[in-house]
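Some notes on the structure that comes next.
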Amino acid sequence: MLECKLQEPKVFRSVVEAMSEHIKECNFEFTREGLKMQALDSSHIAFTFVTLSATWWNEYRCDDEALLLGVNLETLLKILKCGPDNSLLALSYENDDDEVSELKVKFEVDRGEKKDVAEFALKLTHIDPMEEEVPELTWTNELEMPTQELFRIARDISLFSEIMVLEFDKDKLRISCSSKESTADYLVHPFEDSTNASNSVRMNIEAPFKVSLTTHYVLSFAKNKNINERVVIKMIDAETPLMFSFSMKEGSGICYYIAGRLTD
Amino acid sequence: MSKQQTLASFFKPK
């Protein structure tokens, strides 16, 4: 028996939308601690890892130790787009039904003594669970900046080049690209905004390095403005994947690991 | 030119 409820269906929709940028389907792993979703994109360049802890939900109940539900994200997203923003989202699953394996999605809107209800059932699919996990890493470099700023730069660069070069230095980040026709060059500096801390840029770069990333991945990560207006990027070097994370309340959030491009 | 790395060798067995 699984049942979880959320008063902000928009946030869950944003999470699923972000995942569906790279992944068609993935296992939703429900445990007593909450929901975890993780998957590699088909090119094996980006790994998406989402945690929605039990306390992140308004109500959460999972009787099983671990429940693995294979979900088609595109279909789930279609369903979630049908939910009004002012509704209560409820996900449920009954595992005593041998015939049909489906995740029920319900939206309820209070109408005084009565409730308007819309119900959907998402047929589940079998997906082999990942047999590997992310190793423990000691991040030596970290940068925190407004998600909107990263989005703006990645969007601009995407107009010129499929590849962006990030040069992390102790006191600046240079983001650039070049094509046959043009070049673009952005400099981002540490900055404390005393009136609005969310505008600040903080960097702690112990070992400066340079890495190239595929622009459209960075652009899609930066679409998580609704999840957190701040993005944290953790790094070691050009050979180790970079981590982009967008945290939410109660230890929840979305994080991505992305493999860089090596210069010959 | 740069060469895209993948995450194939990044993960460790559970």
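The values are calculated or read from the model by the stated rules, or taken from the named source; none is laboratory data. Computed from a prediction, not measured in an experiment: that's the story for all the values here. FYI the Cβ positions are ideal-geometry reconstructions off the backbone, even for glycines, and counts take in every protein chain you see.
The set of residues in the stretch A:234-251 being more than 14 Å from every other protein chain (Cβ to nearest Cβ), under 12 Å from the mean Cα position of the chain (by Cα) and touching a residue at least 24 places away in the same chain (Cβ under 8 Å) consists of A:Phe246, A:Met248. Taking the criterion of being away from chain B (no Cβ under 14 Å) and within 14 Å of A:Met145 (Cβ to Cβ), the residues of the stretch A:210-233 that qualify are A:Phe221, A:Ala222, A:Asn224, A:Lys225, A:Asn228, A:Glu229, A:Arg230, A:Val231, A:Val232, A:Ile233. When the residues of the stretch A:108-141 are filtered to those that are among the charged types (D, E, K, R) and not in a strand (DSSP E or B), the one that is nearest to A:Met203 (Cα to Cα) is A:Glu136.
Summed over the stretch A:243-264, residues that are among the polar types (S, T, N, Q) and buried (at least 19 other Cβ atoms within 10 Å of the Cβ) total 2. Out of all the residues in the stretch A:193-205, which are part of a loop (DSSP other than H, G, I, E, B) and surrounded by 11 or more Cβ atoms within 10 Å (Cβ to Cβ)? Within the stretch A:193-205, A:Asp193, A:Ser200 meet the criteria. Any idea how many residues of the stretch A:159-192 are in a strand (DSSP E or B) and in contact (Cβ under 8 Å) with a residue 40 or more places away in the chain? The number of residues fulfilling the criteria is 7.
Looking across the stretch A:231-242, the residues that are surrounded by fewer than 22 Cβ atoms within 10 Å (Cβ to Cβ) and either in a strand (DSSP E or B) or out of contact with any strand residue (DSSP E or B) (no Cβ under 8 Å at 6 or more places or on another chain) (or both) come down to A:Val232, A:Lys234, A:Thr240.
Specify the residue that is surrounded by the most Cβ atoms within 10 Å (Cβ to Cβ); the eligible residues are those in the stretch A:1-26 that are among the hydrophobic types (A, V, I, L, M, F, W, C) and in a loop (DSSP other than H, G, I, E, B). Per the criteria, the residue is A:Ile23. On inspection, A:Glu167 does not qualify as within 26 Å of A:Asp41 (Cα to Cα), at pLDDT below 95, within 14 Å of another protein chain (Cβ to nearest Cβ) and in contact with a Pro (Cβ under 8 Å, 6 or more places away or on another chain). Taking the conditions (1) touching a Leu at 6+ places or on another chain (Cβ under 7 Å); (2) in contact (Cβ under 8 Å) with a residue 40 or more places away in the chain; (3) within 28 Å of A:Asp116 (Cα to Cα) in turn, A:Glu102 satisfies each one other than (2). A Cβ distance below 6 Å, combined with a sequence gap of six or more or placement on separate chains, defines the contacts here; from the stretch A:114-140, residues that are at the interface with chain B (Cβ under 9 Å from one of its Cβ atoms) and more than 17 Å from A:Leu40 (Cβ to Cβ) reach no residue that is of a type in the set (Phe, Trp, Tyr) and outside any strand (DSSP E or B). Of the listed requirements (1) within 24 Å of A:Glu239 (Cα to Cα); (2) among the acidic types (Asp, Glu); (3) surrounded by 15 or more Cβ atoms within 10 Å (Cβ to Cβ), A:Asp156 misses just one: (1).
None of A:Ile153, A:Ile205, A:Ile254 is more than 14 Å from chain B (Cβ to nearest Cβ) and within 29 Å of A:Ala54 (Cβ to Cβ) except A:Ile254.
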